[in-house]
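Have a look at the structure below, then the notes.
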Amino acid sequence: MNSETWLRIFRNEYLADFVSAGGSCVRFVTSEQMLLDEVQKSLSRLARTDNYEFISLAAVDTKLHLIDKLFYGIAAKIDWPKQARRFVGTQLHKLGYRVDSAGSRLDFNEIAVQNKLSSAVLSSKLQELLKSTIIDDLDMSIEFRFAAMHLCLAQIYRDGRPLSDLQDGIIGWLTGIVPSVVSLRRASIFQRIGRHNGRHLLHSLAAWNRKCDSNGLLLCLDISRYLEAVKVADRTDGLYYSPANTSDLYEVLRECIDDIDRASGIVILVIAPPAFLEDPRRGIDVYRALKMRVWDDVRVRGHENPVAPLVRLSAWGRVNAR
């Protein structure tokens with residue numbers, strides 16, 4: 001079975017209906033780096049075709065073993081204003097209102113005139129809309145809900161000013177560049193994103209992504225750098241990691257697997273070199289809790305399973321399930 005066949009099966013089994021219907025999963029793929037790069041490019045094309053948000057993070061520039069850094073890396077690659085603007089426009093259209101969402105902002109007065117509504121009525125409708133679609137959605141954490149609401153309000157301008165002036169602070173909070181959350185207390189955000197709430201925020205992001213007319217989130221994590229043992233004098237650009245960092249990464253991945261049923265519309269695809277299976281100091285054998293969750297203890301001899309939790313792609317395109 002070649003890599004194209006595996007990609008087709010991955011698309012049919014996961015992207016076609018399972019994830020778009022709200023399902024989530026964590027999968028592992030190992031191979032030589034050149035083939036992994038080709039797989040990522042193919043997945044990016046599939047994501048665009050099938051209306052998925054594709055985000056790729058590599059350990060060379062993101063500390064994936066820290067869930068908050070992982071979340072910040074994802075958030076930095078999302079166009080938050082565009083998502084929020086699309087969400088508001090779609091929701092208003094569903095209510096039967098005429099909205100010109102082609103521009104970079106939504107105009108409150110223009111929406112009121114086009115739909116023959118008074119300012120008071122439109123303001124009330126917007127409050128009801130944001131409450132029912134965001135604040136009351138328990139699939140997202142309360143802080144993420146308030147953040148999303150203010151992002152939406154920031155896309156609506158009234159008399160030349162946005163209904164919320166907290167957009168830059170909210171995006172800074174999501175991407176980890178805001179040193180303090182004092183300025184965000186008006187948005188009912190009182191703590192930074194950290195190890196204690198990182199996974200919940202990731203699940204919230206996935207749920208929000210689906211609300212913004214996306215079929216789901218396809219997250220590709222390249223952990224190759226964690227498997228490299230390079231002397232300090234021989235290191236080049238980018239981040240390098242100790243065996244302890246690698247164990248921390250495996251713990252984060254194990255926690256993602258254990259919590260995946262709580263997420264909605266996300267595929268986490270972990271890609272790694274062959275050392276992931278073979279290295280006694282940095283490979284999967286150093287963290288048996290993760291190995292027990294992805295390794296196939298029972299499999300038919302000579303039969304390849306491309307939907308197994310762990311799949312190994314050979315350099316010549318053949319796929320072996322492990």
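The values are calculated or read from the model by the stated rules, or taken from the named source; none is laboratory data. The shown structure was predicted, so the numbers you read here are calculated from the model rather than taken from an experiment. Here the Cβ is made from the backbone with ideal geometry for all residues, glycine too, and neighbour counts use every protein chain on show. Areas reflect the complete protein model, heavy atoms only, side chains present, ligands, DNA and RNA absent. Shrake-Rupley method; radii C 1.70, N 1.55, O 1.52, S 1.80 Å.
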Count of residues meeting criterion [out of contact with any Cys (no Cβ under 8 Å at 6 or more places or on another chain) and farther than 13 Å from Leu95 by Cα] in region 118-140: 14
Residue that is nearest to Ser24 (Cα to Cα), among those in region 133-150 that are open to solvent by 50 Å² or more (accessible area, probe 1.4 Å) and not in a helix (DSSP H, G or I): Asp139
Residue selected from region 239-266 under the condition of a type in the set (A, V, I, L, M, F, W, C) and in a loop (DSSP other than H, G, I, E, B), by the criterion least open to solvent (accessible area, probe 1.4 Å): Ala263
Among (1) open to solvent by less than 20 Å² (accessible area, probe 1.4 Å); (2) outside any loop (DSSP other than H, G, I, E, B) - the single one Arg282 does not satisfy: (2)
Some residue of region 215-238 being more than 29 Å from Ala308 (Cβ to Cβ), in contact (Cβ under 8 Å) with a residue 24 or more places away in the chain and not in a loop (DSSP other than H, G, I, E, B): no
Residue within region 223-231 that is closer than 25 Å to Arg48 by Cβ, touching a Leu at 6+ places or on another chain (Cβ under 7 Å) and either among the charged types (D, E, K, R) or at pLDDT 95 or above (or both) present: yes
Filter pass, Arg301 being outside any helix (DSSP H, G or I), at pLDDT 90 or above, out of contact with any Ser or Thr (no Cβ under 7 Å at 6 or more places or on another chain) and among the charged types (D, E, K, R): no
Residues satisfying the stated conditions in region 1-24, i.e. touching a helix residue (DSSP H, G or I) at 6+ places or on another chain (Cβ under 6 Å) and either more than 17 Å from Gln40 (Cβ to Cβ) or assigned to a strand (DSSP E or B) (or both): Ser24
Cβ-Cβ under 6 Å pairs, at least 6 apart or on other chains, region 1-17 side within 20 Å of Ser214 (Cβ to Cβ), far side modelled with pLDDT of 90 or more and part of a loop (DSSP other than H, G, I, E, B): Leu15/Asp50
Flag if Lys131 is in contact (Cβ under 8 Å) with a residue 24 or more places away in the chain and farther than 24 Å from Leu70 by Cα: no
Selected residue (criterion: most open to solvent (accessible area, probe 1.4 Å)) from residues of region 67-94 that are part of a helix (DSSP H, G or I) and of a type in the set (Val, Ile, Thr): Thr90
Test: residue in region 183-191 that is modelled with pLDDT of 95 or more, crowded, with 18+ Cβ neighbours inside 10 Å, under 21 Å from Ser56 (Cα atoms) and of a type in the set (Val, Ile, Thr): no
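Residues are listed down the side, and each one gets a yes or a no for (1) in a helix (DSSP H, G or I); (2) modelled with pLDDT of 95 or more; (3) open to solvent by 50 Å² or more (accessible area, probe 1.4 Å):
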residue	(1), (2), (3)
Val99	no, no, no
Ser104	no, no, yes
Glu110	yes, no, yes
Leu117	no, no, no
Lys131	yes, yes, yes
Top-ranked residue of region 79-95 - restricted to ones that are among the aliphatic types (A, V, I, L, M) and touching a residue at least 60 places away in the same chain (Cβ under 8 Å), ranked as nearest to Ala154 (Cα to Cα): Ala84
Failed item, numbered, when Asp37 is tested on (1) surrounded by 16 or more Cβ atoms within 10 Å (Cβ to Cβ); (2) free of Cβ contacts under 8 Å to residues at least 60 places away in the same chain: (1)
